[in-house]
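Notes follow once the structure below has been shown.
Quick note: the coordinates plus some simple rules give every number you see, no bench work behind them. Owing to the predicted nature of the structure, the values given are computational and were not obtained by experimental measurement. Here the Cβ is made from the backbone with ideal geometry for all residues, glycine too, and neighbour counts use every protein chain on show.
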Amino acid sequence: MLLPLAENIKRYFSKKRVTVTLLTIIATVIFGVFIFFAFSTDVVIDYNGTQVTVKTMRNTVKDVLLQKGIVVNEYDYVSLPLDTKLIRNKTTKIHIKSAVPVKVFADGKETTIMTSKDTVEEALKNSSIGLGDLDRIEGADRNDKIYKDMSIKVVRVRQEVVTKNEIIPYEIDRRANNSMDQGVEQVVSKGKNGVCEKTYMVVYEDDKEVERKLISDTVVKEPEKEIVEYGTIATYTVSRGEVIRFKKVLEMSATAYTASYKDTKKTPDHPQFGITYTGVRVKKGVVAVDPKVIPLGTRLYIEGLGDTPDYGYAVAADIGSAIKGNKIDLYMETQAEADKFGRKKVRVYVLY
């Protein structure tokens with residue numbers, strides 16, 4: 001009788017121990033849950049556009065990210081510093097954007113940058129490459145959105161104001177000098193160059209000039225003309241090498257005459273024998289002309305053409321009934337010379 005009673009008592013206390021244990025566990029869990037909810041905080045994480053809400057008892061942003069297995073590096077964007085303390089009973093929002101690689105060709109080389117920036121302009125300005133206000137981007141616009149493995153080129157653009165002095169060449173003022181021979185020139189007043197100050201806006205792309213625009217043009221020194229006189233008097237070098245100056249030249253038909261009766265119908269005892277129309281006694285160098293063509297008293301030089309020798313210097317001092325128009329009659333010392341001469345073409349230079 002005693003044995004069954006002992007077993008019943010044992011079973012009774014065994015069941016009570018289990019119940020106590022279970023109650024203890026339940027109480028502990030309830031207490032733990034109470035403590036968790038009492039001392040935890042809510043964290044909303046926006047990770048590359050996906051939102052998750054985390055209830056945590058961790059103390060810092062870094063700790064809660066590690067709790068969720070989120071690893072960030074120096075190029076990623078995190079809206080809060082990693083050591084930021086979480087505030088109990090207050091929801092903390094964390095925005096994370098992972099950096100992506102972007103290939104950039106600039107300054108003669110290709111570089112891959114990691115960026116979490118939204119636009120091309122922001123990414124470049126925030127990188128070691130940088131972006132100037134005038135720099136040009138090829139392959140994208142400044143406000144284009146960044147995406148993974150994007151490829152762009154940066155052209156360095158700079159402007160420079162350049163001022164330089166340029167020569168204004170002087171002009172030459174040529175003036176006729178009627179007392180100088182043809183072919184002769186002389187500088188009366190030497191010319192001087194002027195100076196013009198020109199200012200340009202020069203545009204360079206990757207250190208190569210691509211545009212030059214004139215923005216100001218100022219003459220700081222006016223040029224001075226050079227005065228040059230040139231001769232107008234024609235000259236001719238005679239067979240003996242002497243240079244003669246002439247007003248004009250005529251191609252004429254020449255004959256020859258003497259003071260003989262044959263040519264003048266006057267005998268030596270005639271008071272006008274050997275006297276020209278102008279009263280000058282005939283001699284070598286006296287010629288008869290048509291006064292309408294060559295005025296009487298004009299000094300001449302007569303050039304023989306072809307094999308004909310020059311007659312030489314002469315003066316228009318006589319006339320003749322047969323000498324009309326473009327004809328000239330040359331005085332000879334003897335009848336034989338006159339007869340031998342006949343009729344020839346000559347060039348007559350009208351001298352000064």
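Observations
- Sequence-distant residues sharing a close amide H with residue 235 (under 5 Å, placed H): 182, 246
- Contact order for the chain, expressed relative to its length and based on alpha carbon pairs under 8 Å spaced 6+ residues apart, stands at 11 percent.
- Extreme residue, positive dipole direction of the chain, given options 115, 210, 87 (C-beta unit charges): 87
- Beta bridges per DSSP, both residues in the chain: antiparallel share near 75 percent.
- Distance from the Cα centroid of the range 207-246 to that of the range 83-146 is 65 Å (rounded to whole angstrom).
- Karplus 3J(HN,Hα) series, Hz, for the range 252-258 with 6.51 cos²θ - 1.76 cosθ + 1.60 (x for Gly, Pro): 9, 9, 10, 10, 10, 9, 10
- With the simple model of a label 7 Å out from the Cα in the direction of the Cβ, residue 281 to residue 248 spans 3.5 nm.
- Gaussian network model of the chain, Cα within-10 Å springs - most flexible of 281, 240, 88: 240
- Pairwise centroid distance, computed over Cα atoms, of the range 177-199 with the range 303-350, Å: 45 Å
- Under 5 Å, built H, 5+ apart or other chain: amide partners of residue 93: 44
- Per-residue Cβ neighbour counts within 10 Å put 294, 70 in the sequence 70, 294, beginning with the fewest.
- Helix axis angle, 2-39 relative to the chain longest principal axis, alpha carbon, degrees: 30 degrees
- Neighbour cut-off at most 16 other Cβ (10 Å), DSSP loop, GluC sites (Glu not before Pro), the range 184-274: 242
- Taking all Cα pairs closer than 8 Å and separated by 6 or more residues, the relative contact order of the range 160-230 comes to 47 percent.
- Dipole size of the chain about its Cα centre, with +1 on Lys/Arg Cβ and -1 on Asp/Glu Cβ: approximately 1520 debye, rounded to the nearest 20.
- Using the Cβ of residue 86 as centre and a radius below 12 Å, the other residues enclosed give a net charge of +4, where K and R count +1 and D and E count -1.
- Segment residue 227-residue 88, extension gain: residue separation times 0.36 nm, minus the distance between their alpha carbons: 40.1 nm
- Here the contact order of the range 100-155, divided by its residue count and restricted to Cα pairs under 8 Å and six or more residues apart, works out to 45 percent.
- Computed 3J(HN,Hα) for the range 103-116, one whole-Hz value per residue from the Karplus formula 6.51 cos²θ - 1.76 cosθ + 1.60 where θ = phi - 60°, is 8, 10, 9, 7, 6, x, 8, 9, 10, 9, 10, 9, 8, 10, glycine and proline marked x.
- Residue exposure proxy: 270, 95, ordered by other Cβ atoms within 10 angstrom of their Cβ from fewest to most, comes out as 270, 95.
- DSSP beta bridge pairing in the range 262-346, given as percent antiparallel to the nearest 5: 75 percent
- Label point of residue 181 set 7 angstrom out along Cα-Cβ; within the range 224-242, amide nitrogens under 15 Å from it belong to 230-242.
- Under 17 Å between alpha carbons - lysine pairs in the range 181-269 that sit 8 or more apart or on different chains: 6
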